[in-house]
Structures are given as C-alpha cells and as structure tokens.
Amino acid sequence: MPPPRYLITTFPIVCLLLGGFVSKEGFQIEPYQGSFNRGVSAYERGDYGAALKEWRQPAEQGHARAQSNLGVLYAEGFGIARDYAIALHWFGQAARQGDPIARYSMGLMYQQGRGVAADDEAALGWYRLAAEQGYARAQRRLGQMYAEGTGTPRDVEAAIEWYTLAAEQGNGEAQVNLGVLYESDDPGSPDYASAQRWYRLAAEQGIAEAQNSLGVMYTQGLGVARDFAIALKWFERGAHQGNVKAQNNFGIMYLRGLGVARDYATAFKWFNRAAAKDYPEARYNLGLMFYRGYGVNRDYPAAIRQFKLAAEQGNAVALNSLGIMFLQGQGVARDKLRAWMWWDLAASLGNESADELRREIAKTMTAEELQRARQLAAACRASQFKDC
C-alpha cells in the first residue's frame, strides 16, 4: 500500500478567543481577551516577540489558548530561542485543561521526540483525545497511525474512519490520504470512484499531490471517463505548484501529444524542472529524449548520464536502457558484461524485459564472463551505483 502522502509538522496557532477559562475553583477568571487578541495580531504580522509578551501573562494565569500558543513559539523558535522542553511544558498545561489543539501538539511532540523521548503510543493517546473533540488535524494524524500501524496494530478500517471524519471537515491532507487508500487494493479491491471523489475535493483546495493523482486517474480512466484534456489541466496545476510528479506527467502529455499538440520543447522543460529536484522518472525521460533525439540533437553520452542518475535512485527502466546501450555500444564501448550487469540490476527490481535480456545474453557468455559480470553487478550494488 502506498504511504500517506502528507505529513504536517508545524504546530497550529489558536487565532480566535473562544471565551474565558475556568479556574480550579470553578469560577470564571478574567480571560485576558485584549492581551490574547493583541498577541494574535502581532503573530499574524510576524512580530513574534510582541506575541510572546502579550501571551505570557495570560498563559501564566492559566489561559489555555495562550498556553498553547506560547508552546508554538518555543517549539518553532519564533521570537525566542527554540526550546522543546519549555514548549512541552506549555502544551501540557493547556492540554490538561482539555484544549484540543494543545493535545494535538502534545501528540506531535511525543511522535517526533521533541522535548521528550519519542513514544508513538503516547502520541496516539494525545491524538485520540484531540480527535474525539473533533479536531480535524488530530483525526487525520490518528488515521495515519492506524494506516501505518504506528503505536497501534495496523487497522485500515479505523484509518478510513478517522480520515473520513477529518476529510468531511475539509481537511485536504485527509482527503488525499483517503484517495490513496481507496485507490489501493487495501483492504479489498480498489474503489476508484471514491478515490477520485476525495482527490477532487483536495485538488480543488489547491493540494498539488491531489491534482497530480486526479490527473493520473483521468489518463487511465480510473473512476472517471478517460479524458486527456482534463488530465492535462490537473497536471498543469500541480506542476506550477512545483510537484515533481505533476511536472513529469505534464511533460509526458506534451511528449506524447495527449490532450495537447505534441511539443518536445515544453516536454523537455518540465522534465528538466522535475529532474532538477532529483525525480528519477524525469531523469529517465530526459535520457529518453536525448536517446531518441526528441526535440534535441541525439546525444548518447547525455542519455547515459541521465539514465545513470535515474538508475542510482532505483529506476528499473533506466537500468534496462543502460543495458541496451552497453550491448549496442551507444555512447560507450560495446560491453556485454556490463550489459548483463545493468540487466541483472534491473531484473532484481522486477523488470521483466531486463530479466529476459539477461537470460538471452547469458547464453552467449562463457562461465568466466558470467562470473565476472556477476562480480561487476555486486560491486555496483555495494557502491550504490558509484562503481559501475
């Protein structure tokens, strides 16, 4: 099953005062509304020092929301030196008063081991408290822990339940997580109609990962009628947000002329942008353009460079392509031992074409040559593709 694709690591600030607080004795205390709100205004304009000053007194007097916000400042190092221990103290003070955002933040602290030893079970407990109060971020995080089996036995049904509660509140990350689960075959057969529905909701909120996933569903006709023009639209939106998968897919649409006139220059531009972020599929596609001479002069050495960069990141198709080039002597001296090596590496990653080619060329090799080819493959693996 693909892993959930979003991970929120920042701590949320409370920007609204939701009434006063109650003392241990049970009667209403001055809520410091003016000071709290001045702190919010200062935070929103980036004056964290002023926010710290405005929130400190209410926090010391037991104002849960101010305590939670003070924890954020210390956790993020806004307006003061970062200090996870102090952040944990303030989150804890607010959490024990029942503040859901502080409880969520306590979950983050325990899960990430900030100011306290990492403890997934403790994190799960804090997330659950906040989730049961209806806090969407906590519901999403709780769903993620059930989906991954972190701090609890893996339970996909529970993950879907918590993701759905968050997604129905408009949490885009949870909507993406639901799309991933429904698109997979876990726990049963894929439910593409549900997957595309959740991806669409997240995509319409501007989440680039969902925009790419929705584009993929339109190219393949999964849960929707195949429509390359609509796919192109979603890939474009994700690509302009910097999503490397969307950039690569947007390039593929122009390379193949799907939903748009074929345009090698545009394809090359988008592959290059994704490759600059070390996306292996984009590096392979750049290599393919150099190999075929699509929109550029045919350049076998350039193709080999891109294929090798993709191969270093485990791209099996690039490994297979290197085998072909070494066998045929394209951009390199012909070398069937290294051709076998590349195909062996690709086959180990499940590439069936490489496995077949490896078997065929082995029939033409002596026992000594085959032994040497195996040694080359072992050395390449051991060096993480640096000695190949």
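No value in this document is a laboratory result; all are computed from the given coordinates. Bear in mind the structure is a predicted one, so any value in this text is a computation, not a measurement. Don't worry about glycine lacking a Cβ; one is built from the backbone with ideal geometry, like all the others, and counts go over all protein chains shown.
Could you tell me which label, among [x] 148; [y] 161; [z] 178, carries the value of volume of the Cα convex hull per residue in Å³ calculated for this structure? For volume of the Cα convex hull per residue in Å³, the calculated option is [z]. Sorting the segments 91-104, 363-376 by their mean number of nearby beta carbons within 10 angstrom, highest to lowest, gives 91-104, 363-376. Restricting the trypsin sites (Lys or Arg not before Pro) of the range 219-307 to loop positions (DSSP other than H, G, I, E, B) with no more than 16 neighbouring Cβ atoms within 10 Å leaves Arg226, Arg262, Lys277, Arg298.
Note on Asp83 and Asp119: their simple-model spin labels are 2.2 nm apart, each label 7 Å out from Cα toward Cβ. The stretch between Thr150 and Ala276, if pulled fully straight at 0.36 nm per residue, gains 42.0 nm over its current Cα-Cα span. Measuring how big the range 140-218 is from its alpha-carbon positions, Rg and Dmax come out at 11.7, 36 Å. Pairs exceeding a 18 Å alpha-carbon distance, out of Lys233/Lys277; Lys277/Lys386; Lys363/Lys386; Lys269/Lys308; Lys308/Lys386: Lys233/Lys277; Lys277/Lys386; Lys363/Lys386; Lys269/Lys308.
Think of each Lys and Arg Cβ as +1 and each Asp and Glu Cβ as -1; about the Cα centre, that makes the dipole of the chain roughly 1300 debye. A crude spin-label estimate for the pair Ala225 and Ala333, with each label 7 Å from Cα along the Cβ direction, gives 5.9 nm. Using a Gaussian network model of the chain in which every pair of alpha carbons under 10 angstrom is joined by a spring, one finds that among Leu181, Leu214, Leu349 the greatest mean-square fluctuation is at Leu349. The length gained by stretching the chain between Gln375 and Glu60 to full extension, at 0.36 nm per residue less their Cα-Cα distance, is 106.7 nm.
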